[in-house]
1. Looking at the stretch 195-210 only, could you name the residues that are in contact with a strand residue (DSSP E or B) (Cβ under 7 Å, 6 or more places away or on another chain) and either loosely packed, with under 15 Cβ neighbours inside 10 Å or closer than 14 Å to residue 230 by Cβ (or both)?
2. Anything in the stretch 48-68 that is in contact with a strand residue (DSSP E or B) (Cβ under 6 Å, 6 or more places away or on another chain) and outside any loop (DSSP other than H, G, I, E, B)? List them, or say none.
3. Name the helices (runs of 4 or more DSSP H) wholly within the stretch 253-337 that hold at least 3 residues that are surrounded by fewer than 18 Cβ atoms within 10 Å (Cβ to Cβ) and at pLDDT below 90?
4. Any idea how many residues of the stretch 71-81 are modelled with pLDDT of 95 or more and not in a strand (DSSP E or B)?
5. Yes or no: the stretch 17-27 includes at least one residue that is outside the structural domain of residue 185 (by TED's automatic domain parsing), free of Cβ contacts under 8 Å to residues at least 60 places away in the same chain, surrounded by fewer than 23 Cβ atoms within 10 Å (Cβ to Cβ) and under 25 Å from residue 192 (Cα atoms).
6. Just to be sure, is residue 33 in contact with a helix residue (DSSP H, G or I) (Cβ under 8 Å, 6 or more places away or on another chain), at pLDDT below 95 and over 17 Å from residue 115 (Cβ atoms)?
7. Is it the case, given these coordinates, that residue 11 is at pLDDT below 95 and within 26 Å of residue 194 (Cβ to Cβ)?
8. Criterion first (within 21 Å of residue 290 (Cβ to Cβ), touching a residue at least 12 places away in the same chain (Cβ under 8 Å) and within 13 Å of the chain's Cα centre (by Cα)) does residue 133 satisfy it?
């Protein structure tokens with residue numbers, strides 16, 4: 001992928017349609033690696049990939065580490081509980097320690113917004129060749145999750161040729177806590193870039209009307225939108241109205257810690273109004289796929305019966321697709337170093 005221009009991967013708002021196509025095309029090549037003779041490729045042999053996860057993660061961290069190993073890279077993991085953070089070291093100084101050890105790519109996950117961006121800016125200013133890959137920061141961005149969701153949908157709609165155009169014109173419904181979701185934000189940039197029309201659905205406390213204009217202007221610090229024409233974003237409060245004409249549904253984890261902020265009154269009421277079940281999916285025009293980035297609160301965002309219905313629930317496919325997508329991202333960054 002000689003046309004790949006990104007030094008770091010921080011936010012999907014910076015991706016062009018060609019960038020999305022490059023990632024999906026490469027991921028589709030890597031998808032077959034585990035089923036063929038060898039489980040490893042020598043593509044990143046001798047490269048050092050470091051995971052700096054300052055907040056808990058199961059899927060993202062494990063997926064990145066497995067992706068790196070399948071490309072024959074060396075993998076170095078950071079554990080906050082046994083680090084110098086307890087002695088007062090800052091996250092940036094911690095990261096720079098691993099840069100000094102020779103890390104080619106730092107995968108950074110942090111509960112505060114813009115920590116990966118700040119680190120990338122510092123590395124660029126000092127002339128470092130180390131690349132930064134955002135593994136999820138605050139309420140801002142989760143690029144690899146947005147990309148694996150895009151790939152999962154593209155592969156569902158066109159199994160033999162899962163390119164961005166596979167979702168062009170599709171009506172994709174995202175339900176739940178949009179306000180606090182970095183996954184939703186990354187999906188909005190990715191899906192609209194590929195021509196999908198996104199419908200957001202949730203209560204006013206978790207879905208302000210301002211999200212209808214989310215992709216209408218580049219984020220702060222970005223001079224222009226690399227996508228000439230995006231799909232539209234609309235908002236509905238009623239699940240029944242949102243599901244009319246839907247081609248796919250994604251529901252997001254309801255963060256129970258938000259209950260302390262009085263943003264919702266009752267989990268049972270929330271499930272009644274916004275929980276996804278086989279019954280509520282009958283409002284869609286046809287049999288549609290259902291996605292969830294995980295972890296799932298059974299009986300809240302979706303019913304257990306739906307979660308276990310592999311004929312339409314793509315949660316397992318999302319987890320599986322995370323590996324080739326992250327292999328693609330690591331390859332694109334590490335081979336530029």
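1. Matches in the stretch 195-210: 196, 197, 198, 209.
2. The answer is 48, 49, 50, 51, 52, 53, 60, 61, 64, 65, 68.
3. Here the list reads 267-274.
4. 3
5. Yes, the conditions are met somewhere in the stretch 17-27.
6. The answer is yes for residue 33.
7. no
8. So residue 133 fails the test.
The values are calculated or read from the model by the stated rules, or taken from the named source; none is laboratory data. None of these values were measured; they are calculated from a predicted model. Neighbour counts are summed over all protein chains in view; Cβ atoms, including those assigned to glycine, are modelled from backbone coordinates with ideal geometry.
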